[in-house]
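Here's the structure we're looking at; comments come further down.
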Protein chains: 2
Amino acid sequence: MPKIAVVQDILSANDEIARENRRRFDQAGVFVLNLMSAPGAGKTSLVLRTIAALQPELRLGVVEGDVASQVDAERVAETGVPVVQINTGGGCHLEAHALRAALEKIPLEDLDLLLIENVGNLICPAAFPLGEHLQVVIASLPEGDDKPLKYPALFAQADAVVINKIDLAPYMDFDREAFRRRVEGLNPRVTFFEISCRTGEGLAAWADWLRRRRAEQRESVRRIGGC
Amino acid sequence: MPKIAVVQDILSANDEIARENRRRFDQAGVFVLNLMSAPGAGKTSLVLRTIAALQPELRLGVVEGDVASQVDAERVAETGVPVVQINTGGGCHLEAHALRAALEKIPLEDLDLLLIENVGNLICPAAFPLGEHLQVVIASLPEGDDKPLKYPALFAQADAVVINKIDLAPYMDFDREAFRRRVEGLNPRVTFFEISCRTGEGLAAWADWLRRRRAEQRESVRRIGGC
C-alpha cells in the first residue's frame, strides 16, 4: 500500500471521530477551543489566565496534551477546574480518538467552556482536528516574526492568533506589523490578540471575544435545533 | 498491516540511509552536526554565529530544513557559505533520504564542517537520525525550564544542549540549574553551553568545542582506516 494512502486513512479516520466529538460538545452545550503553539509559547499560561478571567462566570474544564509528564495538568488542577491529562508517549499531536477517550473523564454537561491544550508543535496538530469550535494559535515574541512563513498550515486555518509575551518587546526585534501581514496573507479573516500572560495586558479583550464567540455558537446550535 | 509495523519500517529504512550518509561524510572528511530545537529557539542564529566564528579557519556548509520558505537559507547564503534548502512541504522533521538528495548539491569534499538545521520541532526529529556525528539541541530561555520534562526524547540523546538567549535572563523566570538537572536526569553525559546569539556571549566556548570534537572525530576515522 503506498505511504500516502496510509496517511489519508489515518486523517479521514481522525476527522470522522472529530465530528463525533463535535456532536457530543454541541449536545452538552460546551464550547471548545483547541490551543496550539510551539513549545514554550505560553499555552498553559493562557489557560490559567483564561480560567482566572472567566471562572466562575463560565464553568471551565481543561484537557492537557503532552508527550510526557503531568506538570501542566498539575498547575491547572490547582485552580480547582476539572482537568484530564493525555500523554501521547512520543506522539507529536493530539488525535480525535485520544480526546474521545479523555472526554469520558470530564463532566461535559457541567461545563460551558473546554480548553484543549495541544502538544507543543507548530506543524502536525494542523492536520488533526479534534472536534473543537475554534482553533487558536499562540505565537510569542521571542520566536520571531517569520514563523508564519515557515509554518504556514497552522496559521492559515486558525480562527485566532494570540501574540503572547508582548512585555518582552523592548528586548527583541519582533516586527508586529510584518507578523500580522504574513498571517493575513495566509488567512485574511483571522482575529489577532496581543497579550502578556505575565502582566495581564490584553487579556480582557481575549476574554470578551471568548464570551461573544461562545454566545454566537450557542445561538447557532439553538437555531439549527429549532428548525 | 498493523500501524506500528509501518512505523518501524520507516524508521529502519531511515537508519539504513543515515548509515550511508555517515559513510559519505567520513570518506569526504567532513564533520556533521544536526541542530534541533523548537521553532524560534535560534538555530539559524547559531548557524550564522558559528560561520562567523570558524570561517575561514574551517570550510563550512549548511543544509536548511523547513516546512516551507527559504528565508533561513537566504540569510545563510549572504555569508557566502554553500547552502542547500530542503522544504519538507508539511513534514515535521528531516529524513535521511531527503538529506541524501540534498548532499548531491553540496561539495562535501571541499568542506570541513557541515551544519544541518532541522525543522523546528522538539519531538519528531529525535526518531530520524540523518548520519550526523553530533546531535545538538538548542533550548532558549523564553521557552521555560520545564521542556526536558515535556519533550524528553531529544534531550535524552543529545550530545550537547545549547541554552540560547541568556541575555533575556533578567526579564524572565528560567531556573538554569533546574533545567540542567532535568536534562542530566535523562542524559548524564551531555555537554552544556550557555550563549546569546544576540550579544555573542558564550560562543567562543562553543566554537572551541566544535574544533576539538571535529579533531577527535578525524583522528578516530584515521585510526580505524589505518587498521
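Spatially close Lys pairs in chain A, defined by Cα atoms under 21 Å apart and a spacing of eight or more places or different chains, total 5. Across chain B, C-alpha contacts under 8 Å between residues 6 or more apart give a mean separation that, scaled by the residue count, equals a relative contact order of 24 percent.
Run a plain Debye calculation on chain A (Cα atoms as equal point scatterers, no solvent) and give log10 I(q)/I(0) at q = 0.14 Å⁻¹, rounded to two decimals, same order as the q list. Ignoring solvent entirely, the Cα scatterers give -0.89.
Taking the label point 7 Å along Cα→Cβ, A:Glu201 and its counterparts in the other copies are spaced 2.3 nm apart, in ascending order.
Farthest toward the dipole's positive end in the protein assembly as shown, which of B:Thr79, A:Tyr151, B:Ser12, given Cβ charges of +1 (Lys, Arg) and -1 (Asp, Glu) about the Cα centre? Of the candidates, B:Ser12 comes out farthest on the positive side. Here the label points at B:Arg223 and A:Arg211, each 7 Å from Cα along the C-beta direction, are separated by 7.1 nm in the simple model. Chain B versus the axis that turns it onto chain A: the residue with the nearest Cβ and the distance in whole Å amount to B:Pro142, 2. In nanometers and ordered shortest first, the copy-to-copy spacing of the A:Lys105 label point, defined 7 Å from Cα toward Cβ, is 4.6. In this simple spin-label approximation, B:Asp9 and A:Asp15 carry label points 7 Å from Cα along the Cα→Cβ vector, and these lie 2.4 nm apart. With label points defined 7 Å past Cα in the direction of Cβ, position B:Arg75 shows copy-to-copy spacings of 2.6 nm, given to one decimal and shortest first. Here region A:120-185 and region A:84-100 have alpha carbon centers that stand 22 Å from each other. The GNM of chain A, with springs linking C-alpha atoms under 10 angstrom apart, assigns the highest mean-square fluctuation among A:Asp112, A:Asp175, A:Asp26 to A:Asp175.
Assuming charge only on the beta carbon of Lys and Arg (+1) and of Asp and Glu (-1), the dipole of region A:49-135 about its Cα centre is about 120 debye to the nearest 20. What would the Debye equation give as log₁₀ I(q)/I(0) for region A:1-97 at q = 0.22 Å⁻¹, counting only Cα atoms as equal point scatterers? Log10 I(q)/I(0), no solvent term: -1.28.
Spherically averaged projected area of the convex hull of Cα atoms, the protein assembly as shown: 23.0 nm².
Quick note: the coordinates plus some simple rules give every number you see, no bench work behind them. All of these numbers come straight from a predicted model, not from anything done at the bench. All Cβ positions, glycine included, derive from the backbone under ideal geometry; neighbour counts span all protein chains shown.
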